[in-house]
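In what follows, a structure is listed as structure tokens, so that the remarks can point back to it.
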Amino acid sequence: MIDRIFCFVCRAFAHKVTGSIGRVDSAFTTRGTQASQWKEARKVLAKHQASTVHKQASLSYCDFLSLVPINMQLDRAAAIEACRLKEQQERNRQALYRIIDVITLLVRTGHLLRGHREGADSNNRGLFLEIVNLLSQYDGVLKHHFDTCPRNATYVSKDIQNDIISTLYHIMIEEVKKELHAASYFSVMMDEASDFGHKEQVAVVVRYVDRECVIQERFIDISSTDSTDAGALFQILLASIAKGWIEYR
Ligand SMILES: [Zn+2]
């Protein structure tokens, strides 16, 4: 057992501060202060504590304690970035909810979305852009979205409008198919009419009772045809069946 006194900070950090400020006292680093000097320990320790090397070594020790290891710094930066991305995603999602609601409203009520001139100088940019712009004047989420989003991620382009309408359509037909397939009985109505080009168009409508015992009528398909005899209409019905609308056993 070594019965000597060492200075922890000088042993660990004095090598970093020696040179210009003085010599490391080996009595506190490698050799240790002998037990015979312990009767003067207070005096010896006070002198060492006041030395420049010890003070600088103590500062190095404090610097070391305040340092965050690089892996922890990277983890912290990654966590902050992940948090920022999550917040951004939520803001984008909230803006998109509003845009989807406007499109759903216009489609449900049979209104055109687009205008003839949609530039910023147009006084009628179409119902969709006009309503979205009006909303953004009162809604902080949309305002923040348009103030900060990149020009290629406004979510109001014609392509996004078409994507949203297409997605709504697919969600809606899947729901109607589920209801229709769950119904015990249904009837099919088909009717034809000429369009502007004198081409016969045949609409297919199904009628059924849903789980809440409410009668539902759903327009499910439209096809053009050259003939409206029974055989041609039956072929159109078979085509609707092939699209999965009707379960045919
Ligand atoms: Zn020391």
**OP:** Working only within region 129-145, note down all residues that are farther than 19 Å from GLN89 by Cα and surrounded by fewer than 11 Cβ atoms within 10 Å (Cβ to Cβ).
**Re:** GLN137, TYR138
**OP:** Among residues belonging to region 94-128 that are among the basic types (Lys, Arg) and surrounded by 10 or more Cβ atoms within 10 Å (Cβ to Cβ), point out the one that is modelled with the lowest pLDDT.
**Re:** ARG117
Original post:
In the list ALA50, ALA95, ALA78, which residue meets the criterion of being among the hydrophobic types (A, V, I, L, M, F, W, C) and either touching a Pro at 6+ places or on another chain (Cβ under 7 Å) or under 30 Å from PHE8 (Cα atoms) (or both)?
Top reply: ALA50
Original post:
Does region 195-215 contain at least one residue that is out of contact with any helix residue (DSSP H, G or I) (no Cβ under 8 Å at 6 or more places or on another chain) and either in the same structural domain as LEU112 (by TED's automatic domain parsing) or among the polar types (S, T, N, Q) (or both)?
Top reply: yes
**OP:** Scan region 175-191 residue by residue and report those that are surrounded by fewer than 16 Cβ atoms within 10 Å (Cβ to Cβ), part of a helix (DSSP H, G or I) and hydrophobic (A, V, I, L, M, F, W, C).
**Re:** ALA182
**OP:** Can you confirm whether region 29-52 contains a residue that is touching a Leu at 6+ places or on another chain (Cβ under 9 Å) and within 16 Å of the ligand (Cβ to nearest atom)?
**Re:** yes
Original post:
Out of the residues in region 146-173 that are among the aliphatic types (A, V, I, L, M) and under 15 Å from TYR97 (Cα atoms), which is surrounded by the fewest Cβ atoms within 10 Å (Cβ to Cβ)?
Top reply: ALA153
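The values are calculated or read from the model by the stated rules, or taken from the named source; none is laboratory data. Computed from a prediction, not measured in an experiment: that's the story for all the values here. All Cβ positions, even for glycine, are placed from backbone atoms using ideal geometry, and neighbour counts span all protein chains on display.
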